[in-house]
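Every number in this text was worked out from the coordinates using simple rules, so none of it is lab data. From a predicted model like this one, the values you see are computed outputs, not experimental measurements. Quick reminder, even Gly has a Cβ in these numbers, built from the backbone with ideal geometry, and neighbours come from all protein chains shown.
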Amino acid sequence: MKWYTIGSITIPVSQLALGITFLLIGAYLWWKKEKDLLDVYGNTVFLFIIVWKFSIIIFSFSMVIEAPMSLLYFNGGERGLWLAVMAALMYMAWKWSPQQWYDGVKIWMMVIVLFEMLLAMLSGQAGLLDTIRLAGGAMALSFLIRAPLQVLWLFTLWQLLFESWAGEVVSTTGLLYIGVTIYFVMIRRKQNIG
């Protein structure tokens, strides 16, 4: 894993890419003047970051008690990531109106496309496969309005194809893509039934 040093802070490239992604999408929503959507998006991102960062209290309580400064330096790791994703998805189910389902899917796909692109660029490993992955993701976003559910599934399978080339289909990333897709499908089916 590659790290960047900004002043006296050292940050993993994945966290830097995710932070830049969140900021860029927030700027995009602000530019589009989507005030309500930006508000819910900002709260969801804030909740995700807070839960992920402070989940170390749950998973490594003894370390936090022995060294309280560890709250500044560590996060909840993989288990904290899953907890943060579940908290963000529950918040979305609670706060996002049924009409915003499409916007949630669009933002999720934008986050993945931007994150994967920035991760490849910042880690210095951007190549042909990353360009193809980005192009496929961008194409899926352009077709999203026609058949959102089907495009979401194709988008997820597209991402998993590239995860499989890296031998990481059953990794945290691959399982996260599958889990969030299932969440959006379940929300959509609930809307169609109810």
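The table that follows gives values for the structure above.
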{"read-out": "Gaussian network model of the chain, springs between alpha carbon atoms under 10 Å - residue of Ile49, Ile65, Ile112 with greatest fluctuation", "value": "Ile65"}
{"read-out": "Cα gyration tensor category, rounded, prolate or oblate, for segment 73-135 with a/c compared to 1.5", "value": "oblate"}
{"read-out": "Which labelled figure in (i) 1.22; (ii) 0.99; (iii) 0.97 is Rg/Rh (Cα atoms, Kirkwood Rh), once derived from the coordinates", "value": "(iii)"}
{"read-out": "Listed residue pairs exceeding 29 Å between alpha carbons, taken from Lys2/Lys32; Lys2/Lys95; Lys33/Lys95", "value": "Lys2/Lys32; Lys2/Lys95"}
{"read-out": "Listed residues Ala138, Ala87, Ala147, most fluctuating in the chain (Gaussian network, C-alpha, under 10 Å)", "value": "Ala147"}
{"read-out": "Residue among Gly42, Gly19, Gly127 with the largest mean-square fluctuation in a Gaussian network model of the chain, springs linking Cα atoms under 10 Å", "value": "Gly127"}
{"read-out": "5 angstrom amide H check on Tyr4, placed H, neighbours 5+ away", "value": "Ile11, Val13"}
{"read-out": "Residue-by-residue Karplus 3J(HN,Hα) for segment 127-142, coefficients 6.51, -1.76, 1.60, Hz, glycine and proline x", "value": "x, 4, 4, 5, 5, 5, 4, 4, 4, x, x, 5, 5, 4, 4, 6"}
{"read-out": "Between 0 and 90°, nearest 10: helix 77-95 axis offset from the chain longest Cα axis", "value": "40"}
{"read-out": "Candidates per trypsin sites (Lys or Arg not before Pro) in segment 1-90, loop by DSSP, up to 15 other Cβ within 10 Å", "value": "Lys2, Lys32, Lys33"}
